[in-house]
Amino acid sequence: MSRARHRGFTLVELLVVIGIIGLLISILLPALNKARQQAQTIKCLSNLRQCGLATMMYANEHKFFMPYPTTTQGEQSLWFNCIDPYLQSMMANGRTGVAGGRTYTRFKQCPVYETFDQDISGLAQGKLKEYARSYKMNSMLRHNNPYSQARITEVKNSANFVYLGDGTSMDEVGDIPSQWDNGQFSMEVNDPTQASPALRHQGGANILFVDGHAETMFCKTIKRTLPNPPQVSVPTWESEYVSGSTPVDPPNHKVSAEAQGLTRNPDMPLDWSELGHLYR
């Protein structure tokens with residue numbers, strides 16, 4: 001009785017199999033990366049909607065006043081802090097300085113925040129991850145003469161008026177302790193000296209509007225060099241106003257656009273300000 005002969009792979013057959021596997025990987029990896037990015041975008045939108053619901057509850061309990069975009073009116077009205085009670089966030093008891101009155105929950109951040117290196121340094125606020133704000137409030141959503149909180153009922157076209165969204169953060173500027181643009185609580189689309197909207201979602205930015213809905217927005221992309229070290233060049237959006245056909249930062253924030261000969265920029269369809277009323 002003859003034994004069955006066992007035939008192994010030849011070198012050519014092995015190379016063919018390896019080639020097929022490599023081809024499949026090259027086809028599947030972009031799809032997997034795209035799915036991962038899409039999942040991050042959806043999670044980011046969910047976080048923003050939670051912030052929107054918390055803001056609505058805050059406004060209902062505070063005579064329709066909205067949170068303030070910066071710390072100049074105190075920590076109690078800063079958007080980063082005043083929505084905490086409605087997100088069930090608690091202050092960091094036992095920590096010192098601003099860290100004792102702030103929470104660094106991921107609900108107030110884009111999921112990109114979870115990739116930042118943690119740097120809790122004892123009782124004080126860290127200078128990297130805890131210093132980072134991947135969400136920033138529209139700096140122009142306030143009164144400017146004098147500076148004060150705006151009421152949600154004052155905002156015209158609230159479904160198109162930017163409240164909160166993706167802003168310059170550590171994923172763009174790098175791991176630089178206390179980097180200014182990264183640490184700002186607010187952003188502007190008109191003033192190039194301020195932190196800008198960040199286009200971190202496949203070329204778009206997730207935006208929460210004053211009416212509480214959130215979308216991934218895609219507008220004309222430009223390059224802007226951040227004014228503070230390391231002065232990196234980041235993709236962002238044009239100003240919402242134009243003089244002729246040139247995007248501009250309005251020279252007078254207390255006078256209407258029409259009085260200054262300015263018109264809306266068709267390449268920036270979102271509302272960020274109302275000159276003479278809502279502007280920084």
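The values are calculated or read from the model by the stated rules, or taken from the named source; none is laboratory data. On a predicted model such as this, the values are computed, not experimentally measured, just so you know. Cβ sites come from the backbone with ideal geometry, for glycine too, and all protein chains shown count toward neighbours. Side chains are part of the model used for accessible areas, which takes the heavy atoms of the whole protein and leaves out ligands, DNA and RNA. Shrake-Rupley method; radii C 1.70, N 1.55, O 1.52, S 1.80 Å.
If the requirement is being among the hydrophobic types (A, V, I, L, M, F, W, C), in contact (Cβ under 8 Å) with a residue 60 or more places away in the chain and crowded, with 17+ Cβ neighbours inside 10 Å, which of these qualifies: Ala214, Ala205?
Numbers: Ala205 fails: in contact (Cβ under 8 Å) with a residue 60 or more places away in the chain.
It is Ala214.
I'm trying to understand the selection: among the residues of segment 235-280, which are touching a residue at least 12 places away in the same chain (Cβ under 8 Å), β-branched (Val, Ile, Thr) and surrounded by fewer than 15 Cβ atoms within 10 Å (Cβ to Cβ)?
Val255, Thr263 - these are the residues of segment 235-280 that are touching a residue at least 12 places away in the same chain (Cβ under 8 Å), β-branched (Val, Ile, Thr) and surrounded by fewer than 15 Cβ atoms within 10 Å (Cβ to Cβ).
Specify the residue that is surrounded by the most Cβ atoms within 10 Å (Cβ to Cβ); the eligible residues are those in segment 73-100 that are more than 22 Å from the chain's Cα centre (by Cα) and not in a loop (DSSP other than H, G, I, E, B).
Checking each candidate, the answer is Gly100.
Restricting attention to segment 145-176, and to residues there that are touching a residue at least 60 places away in the same chain (Cβ under 8 Å) and out of contact with any strand residue (DSSP E or B) (no Cβ under 9 Å at 6 or more places or on another chain), which single residue is least open to solvent (accessible area, probe 1.4 Å)?
My answer is Thr153.
For (1) part of a loop (DSSP other than H, G, I, E, B); (2) at pLDDT below 95; (3) more than 18 Å from Thr216 (Cα to Cα), each residue gets a yes or a no:
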residue: Phe107; (1), (2), (3): no, yes, no
residue: Asp119; (1), (2), (3): yes, yes, yes
residue: Gly126; (1), (2), (3): yes, yes, yes
residue: Ala132; (1), (2), (3): yes, no, yes
residue: Met140; (1), (2), (3): yes, no, yes
residue: Ser158; (1), (2), (3): yes, no, no
residue: Tyr163; (1), (2), (3): no, no, no
residue: Asp166; (1), (2), (3): no, no, no
residue: Asp171; (1), (2), (3): no, no, yes
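Residue by residue through segment 220-234, note down the ones that are outside any strand (DSSP E or B) and under 21 Å from Gln184 (Cβ atoms).
Leu226, Pro227, Asn228, Pro229, Pro230, Gln231, Val232
Scan segment 177-189 for residues that are crowded, with 20+ Cβ neighbours inside 10 Å and more than 14 Å from Pro69 (Cβ to Cβ) and jot them down.
Gln179, Asp181, Asn182
Restricting attention to segment 105-144, and to residues there that are hydroxyl-bearing (Ser, Thr, Tyr) and in contact with a helix residue (DSSP H, G or I) (Cβ under 9 Å, 6 or more places away or on another chain), which single residue is most open to solvent (accessible area, probe 1.4 Å)?
Filtering first and then ranking leaves Thr115.
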